[in-house]
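The values are calculated or read from the model by the stated rules, or taken from the named source; none is laboratory data. Please read all numbers here as calculations on a predicted model, not as lab measurements. Backbone-built Cβ (ideal geometry, glycine too); neighbour counts: all protein chains shown. Each accessible area value is taken on the protein alone, full model and side chains, heavy atoms only, with ligands, DNA and RNA left out. Shrake-Rupley method; radii C 1.70, N 1.55, O 1.52, S 1.80 Å.
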Amino acid sequence: LISYAVLLALGATLTLPGIAGFVLAIGMAIDANVLVFERAREEYAVRGSLRTAVRDGFRGALSVVADSNVTTLLAAGLLFFLASGPVRGFGVTLSVGVLVSMFTALVLSRALLELGAASSWLARRPRWTGLGDIGAVRRGLLRRRPDLMRHRRRWLALSALLVAVAAAGIATRGLNLGVEFTGGRLVEYGTAQPVDVADARRVVAEAGVDQAVVQSSGDRQLTVRAGDLDDAELDRIRTGLATLGGETERVRDELIGPSLGSELRHKALIALGVALAAQLAYLGVRFRPAFGAAAVLAMAHDVLVLVGVFAWLGKPVDGVFLAALLTVVGYSVNDSVVVFDRVRELLRTRRRGQPVADLATTACLETVPRTVNTGLGAVFVLLALAVLGGDTLTNFAVALLVGIVVGTWSSVFTATPLAGAQSPRARRHAELGVLHRHVHL
């Protein structure tokens, strides 16, 4: 509500990429709360005090919440200043949403939690708060403790295979670029009665224009965009719309040149490149240079796989896909930062001779519940959009579903092994640990 009020005050127009930035900010706000709650669970298991657990939970989660939000804010700000069109709209809504979500997660949520922790009734019933137990998922993982980093070369090889398959799809099948990038024709129709957009899309598809983008531009107005529309197809579309909305007339007919798409693509690539460099520098300072490089490489992995999936499926790469792609970039970096923050924390209490790979495994296992809690919530919503939404929302939902699954994989099985493989200090720690065990034996 606060973010929406700020956007209204700024007079921002909510395009689909803008809404994608809004959704990503909401997801990050939920994620920040989950990070705090998971840390509070850990503190309660050690201290047994609800009030102390809440206080230390916020204190322990502050660094990871700040790092994940700052990296996203860097990218959003640079997209706003350097990009144009829908990419800039994404940057506006994401910047507003991130700033507001940090306030709500670190101030409002804390006030409510501390109010609840002060209740003597809840203090005697900690399970009612959800903080009295670390959760079945985490308990099972810590009990079995699978050695994830033992086969890190296999995980990296599998990630490389995914990238190779995606690159093969891009090279052999090519990208089905939308009207925003290739140019085309935009026609606006006025109807006597309101027409449902889903019904209008069905009529346009029946007229033989399957790849058209159909949107409502007013109470009784519809726009149809496609790469190639002849007069016969336009007449069939008008006749079909007339069966739904009564008397229908063509009120606008414009040709969209490819220069706009070229400018948008050029500025978007520059903005993304500068944003990646800024994130790399920030993560290198806050963590280690190897960690920053690993997070950026994992993000590039996610982007290539998502583009490759759309190339193999032949789905349109348009403004909707661009919105989903930017959202996936934000999720990918955020996931990697969460894991790296836990690795950094474990390094401070590392036992002498303990391999860094063991710490990386522990960090992954301890952050998996957070990934499950935040990821499943998004998956449920996206599955509903993919099944029940129209053509536009279906492509958006499919892109985000692929991005969330691949991003979760890459944060654990790509970014973390890459950070260990690239860091000389990590290799030196591992070698000293092996030597220490041999000497001890």
Out of (1) of a type outside the set (Phe, Trp, Tyr); (2) modelled with pLDDT of 85 or more; (3) open to solvent by 60 Å² or more (accessible area, probe 1.4 Å); (4) assigned to a helix (DSSP H, G or I), the one LEU280 does not meet is (2)
Does LEU108 qualify as being open to solvent by 40 Å² or more (accessible area, probe 1.4 Å), closer than 30 Å to PRO316 by Cβ, of a type outside the set (Val, Ile, Thr) and assigned to a helix (DSSP H, G or I)? no
Go through region 338-381 residue by residue and tally those that are of a type in the set (Asp, Glu), under 23 Å from the mean Cα position of the chain (by Cα) and either at pLDDT below 85 or not in a helix (DSSP H, G or I) (or both). 1
Return yes or no: is SER120 open to solvent by 70 Å² or more (accessible area, probe 1.4 Å) and hydroxyl-bearing (Ser, Thr, Tyr)? yes
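Among the candidates VAL34, VAL64, single out the residue that is of a type in the set (Val, Ile, Thr) and buried (at least 21 other Cβ atoms within 10 Å of the Cβ).
Only one candidate qualifies: VAL64.
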Checked against (1) among the polar types (S, T, N, Q); (2) in contact (Cβ under 8 Å) with a residue 24 or more places away in the chain; (3) touching a Lys or Arg at 6+ places or on another chain (Cβ under 9 Å), THR362 satisfies every condition except (2)
Going through ALA76, ALA45, ALA40, ALA53 one at a time, which residue ends up being part of a helix (DSSP H, G or I), modelled with pLDDT under 85, hydrophobic (A, V, I, L, M, F, W, C) and surrounded by 24 or more Cβ atoms within 10 Å (Cβ to Cβ)? ALA76
Looking at region 316-371, which of the residues that are among the small types (Gly, Ala, Ser) and within 23 Å of VAL303 (Cβ to Cβ) is surrounded by the fewest Cβ atoms within 10 Å (Cβ to Cβ)? GLY319
Within region 33-83, the count of residues that are closer than 22 Å to ALA118 by Cα and within 17 Å of the chain's Cα centre (by Cα) comes to 3
Of everything in region 129-146, what is part of a loop (DSSP other than H, G, I, E, B) and closer than 24 Å to GLY57 by Cβ? Give them in sequence order. GLY130, LEU131, GLY132, ASP133, ILE134, GLY135, ARG145
Could you tell me whether any residue of region 87-102 is open to solvent by less than 10 Å² (accessible area, probe 1.4 Å), hydrophobic (A, V, I, L, M, F, W, C), over 23 Å from VAL339 (Cα atoms) and modelled with pLDDT under 80? yes
Report those helices (runs of 4 or more DSSP H) wholly inside region 174-253 carrying at least 3 residues which are more than 23 Å from VAL320 (Cβ to Cβ) and open to solvent by less than 60 Å² (accessible area, probe 1.4 Å). 231-245
Hey, does region 158-168 have a residue that's in contact with a Ser or Thr (Cβ under 9 Å, 6 or more places away or on another chain) and part of a loop (DSSP other than H, G, I, E, B)? no
Would you confirm whether any residue within region 39-50 is within 14 Å of VAL100 (Cβ to Cβ) and touching a helix residue (DSSP H, G or I) at 6+ places or on another chain (Cβ under 6 Å)? no
Failed criterion for MET149 (all others in (1) over 15 Å from THR367 (Cβ atoms); (2) part of a helix (DSSP H, G or I) hold): (1)
Can you tell me which of PHE291, PHE310, PHE321 is in contact (Cβ under 8 Å) with a residue 24 or more places away in the chain, of a type in the set (Phe, Trp, Tyr) and under 19 Å from VAL70 (Cα atoms)? PHE291
Tabulated pairs, region 116-136, first modelled with pLDDT under 80, second in a loop (DSSP other than H, G, I, E, B) and open to solvent by 30 Å² or more (accessible area, probe 1.4 Å), C-beta under 9 angstrom, 6+ apart or interchain: ALA123/SER49; PRO126/GLY48; PRO126/ASP133; ARG127/ASP133; GLY132/ARG125
